[in-house]
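These notes are about the structure you will find just below.
Here, each number is a calculation from the coordinates, and none is a lab measurement. Note that the coordinates shown come from a computational prediction; the quantities given were computed from them, not determined experimentally. All Cβ positions, even for glycine, are placed from backbone atoms using ideal geometry, and neighbour counts span all protein chains on display.
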Amino acid sequence: MNKILWSVLLTLTLTACGTTSGTKATVEDRTGGKADAGMSSQTAGSSGSSTETSALGGKGADATALDGSSYTGDPRKNPASPMSNRSVYFDFDQFVVKNEYRAMLEAHAGYLLSKRDARVILQGNADDRGSREYNLALGQKRAEAVRKALAVLGVSEVQMEAVSFGEEKPRKEGDTEEAYAENRRTDVVYADE
Amino acid sequence: MMRTLLLSPLLFFAFLGASFSAYAAMEIQVIGGAANKIDVAMVPFQTAAGQPMPSLTQIAGDDLTRSGQIKLVDVSGTQQPVELAQVNYGIWRSKGAEAMVIGQVTALPGGRFEVRFRLLDVVKQTQLAGYSYNISPEQWRATAHQIADIVYEKLTGTAGIFSTRIAYVQKQGKRFELRVADADGQNPKTVVRSNEPVISPMFSPDGNQLAYVSFEDKKPVVYVQSLQDGSRRKTAAFKGSNSAPAWAPDGKRLAVVLTRDDASQIYMINVDGSGVTRLTRGGSIDTEPVFSPDGQMIYFTSDRGGSPQLYRVASSGGEPKRISFSGTYNVSPTISPDGKLLAYIGRDEGRFRVMLLDLASGQTRALTDTARDESPSFAPNGQAVLYATVQAGRGVLGTVSLDGKTHARLSESGVDAREPAWGP
């Protein structure tokens with residue numbers, strides 16, 4: 001009976017649901033794959049988004065995503081280079097950087113060592129099961145794991161910042177093992193991208 | 001359960017009507033209730049021309065019903081007294097009423113209204129309370145909630161929470177809004193609007209400020225915002241992630257989680273961002289701090305034992321002590337105003353539910369029967385817990401009484417609600 005009730009509610013709200021996605025540029029990229037170099041630019045390119053506060057309700061502000069596609073010739077984007085890989089995936093409940101990411105992280109470390117003014121942000125993520133704050137801490141652990149791996153390769157702490165998005169910015173939504181695995185991830189994002 | 005099934009369709013249609021006048025506020029669904037409810041007759045107040053809708057007795061009656069401790073008596077088909085002298089107690093006793101509320105609204109010059117009401121003990125045939133208010137139309141809902149608070153406190157001996165406020169985050173499409181609403185989900189006001197997530201709001205002890213975490217800077221940063229003028233400051237924006245703000249009872253300091261020195265660890269910080277001191281140490285996760293009401297203890301979540309469990313540590317520092325022992329996932333503690341109970345989220349067979357822990361005895365029990373519960377927050381009177389859950393794939397807010405018998409749902413069509421916090 002409750003199910004029937006909710007299906008009635010759902011039917012009534014379907015129109016509203018369908019119109020909420022909007023057409024505005026946003027930071028979320030749900031299309032990214034494991035070796036999607038474009039992901040980082042999407043993530044970093046969202047700096048045009050805005051937040052406004054008010055004592056009472058205010059008007060909305062639009063976001064403008066910066067275009068991250070103009071990096072022609074950038075070695076970090078060369079599809080032939082392991083640097084074009086930007087995501088480090090983790091096994092369930094694990095925070096160890098797997099061996100398969102060694103070449104990728106060595107390439108990024110080499111770039112950072114050669115360009116001392118380059119800054120990299122390591123963005124950890126988690127799947128959406130359980131507490132948001134605890135998942136934020138789990139994402140941070142994944143970001144720290146990549147930060148430490150780069151530090152071992154000689155990258156200065158000054159060039160790196162490990163942060164977490166927790167479960168708040170899923171690349172893949174849904175309650176499937178595939179989605180969970182996609183979101184157990186740290187993205188390597190350059191500050192100038 | 002059977003009763004729930006029978007009630008649902010009726011409630012549904014009642015909400016449909018209510019939602020038109022509520023302007024995108026939340027809808028309320030109440031399920032169950034205490035075994036021994038107090039029967040109260042809310043006699044419709046005599047109306048004045050031009051008075052706001054819905055009526056005071058409707059709003060106050062909904063409040064009382066939501067508590068689960070009061071049942072409204074059918075008041076139709078009988079003479080409806082306005083003044084004390086018009087009350088025939090025998091009639092109301094025969095309708096099963098133990099108490100009754102009568103009153104009237106009178107229009108005053110300048111668009112104001114006078115509201116008079118009396119709470120009567122039908123059995124003893126005495127007046128329990130009587131008040132009059134001189135109000136503007138904007139104070140209509142607040143007045144109804146005050147009436148409900150008075151009725152509730154006189155009849156149960158416990159302070160009411162109907163005049164309190166809640167904060168929550170709503171997600172619509174890819175827009176996030178931090179909102180503050182009346183405890184019944186009505187009268188919502190947006191205080192932060194962002195294209196980036198907002199999580200973990202918490203009211204300051206005086207209710208005048210909100211601490212929260214915003215991702216607008218491409219990383220989690222703790223903000224403290226005035227609810228009076230909307231101004232805000234970055235209280236914690238250190239290198240790494242900044243999150244999980246919790247107000248100290250004095251309203252001057254916060255516990256926050258920073259990663260600037262190590263893994264997620266708990267620190268104390270002044271509201272203006274000064275005076276940072278580290279509270280916990282070690283390479284494991286320490287997060288979700290919450291102060292005991294006397295400010296002496298901090299309860300928090302840590303994975304130092306291998307799985308996330310609840311711990312406590314003196315707010316002056318020291319060795320943390322584990323306090324949750326059953327299950328492999330116990331997180332998000334919130335403490336009762338008397339400091340005796342913790343509500344938290346526990347995972348059992350893949351379900352995340354609101355649990356209650358008696359700190360003295362160590363006894364635990366489940367308050368909810370749902371599967372995706374998050375972010376519990378105690379009511380200011382300690383009688384209920386507000387939390388987020390998922391229903392039909394959508395985030396909704398719920399309240400549950402401490403006996404687990406009364407559940408209410410607050411939801412809005414097409415909107416995902418999460419991260420609730422109950423304020424003063």
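What you get for region B:274-315, charging only the Cβ of Lys and Arg (+1) and of Asp and Glu (-1), is a dipole of about 160 debye around the Cα centre.
Taken along the Cα-to-beta-carbon direction at a fixed 7 Å, the label points for B:Glu138 and B:Lys252 span 3.3 nm. Which of these, B:Ser231, B:Ser307, B:Ser67, has the largest mean-square fluctuation under a Gaussian network model of chain B (Cα springs below 10 Å)? Of the options given, B:Ser231 has the highest mean-square fluctuation. Let me know the shape class of region B:125-183, please: from the alpha-carbon gyration tensor, a ≥ b ≥ c as square roots of the eigenvalues, rounded when a/c is under 1.5, otherwise prolate if a/b is greater than b/c, or oblate. Because a/c hits 1.5 or more and a/b fails to exceed b/c, region B:125-183 counts as oblate. Rounded to the nearest 20 debye, the dipole magnitude of region B:297-389 is 140 debye, with +1 charges on Lys and Arg beta carbons, -1 on Asp and Glu beta carbons, and the Cα centre as origin. Nearest 0.05, what FRET efficiency do B:Gln296 and A:Asn78 give at R0 = 45 Å with Cβ-Cβ as r? Efficiency computed from Cβ-Cβ geometry: 0.20.
Remark: for residue pairs B:Lys174/B:Lys219; A:Lys98/A:Lys169; B:Lys154/B:Lys189; A:Lys77/A:Lys148; B:Lys189/B:Lys218; B:Lys71/B:Lys189, the C-alpha separation exceeds 28 Å in B:Lys154/B:Lys189; B:Lys71/B:Lys189. Determine the shape class of region B:245-299: with a ≥ b ≥ c the square roots of the Cα gyration tensor eigenvalues, call it rounded for a/c under 1.5, and otherwise prolate if a/b is greater than b/c, oblate otherwise. Taking the square roots of the gyration eigenvalues as a ≥ b ≥ c, region B:245-299 is oblate.
Sorted ascending by nearby beta carbons within 10 Å, beginning with the fewest, B:Thr389, B:Thr399 become B:Thr389, B:Thr399. A quarter of the convex hull surface defined by the alpha-carbon atoms of chain B gives 21.9 nm² as the mean projection. Helix B:2-22 axis versus longest C-alpha principal axis of chain B: approximately 90°, rounded to the nearest ten. Summary of the geometry: region A:103-159 and region B:315-358, compared by the centres of their Cα atoms, lie 31 Å apart. Comparing region B:293-363 with the 2.2 N^0.38 Å rule of thumb, its C-alpha radius of gyration ratio is 1.06 (two decimals).
What does the average come to when, for each residue of peptide B:222-231, you count the partner chain Cβ atoms lying within 10 Å of its Cβ?
The shielding value for this peptide is 2.
Which of the three applies to region B:322-409, rounded, prolate or oblate, going by the alpha-carbon gyration tensor with a ≥ b ≥ c and a/c under 1.5 meaning rounded? Note, shape of region B:322-409 comes out oblate.
Largest GNM mean-square fluctuation across B:Pro320, B:Pro188, B:Pro109, computed for chain B with C-alpha springs under 10 Å, falls on B:Pro109. Here region B:41-132 is treated with +1 on each Lys and Arg Cβ and -1 on each Asp and Glu Cβ, and its dipole about the Cα centre works out to around 80 debye.
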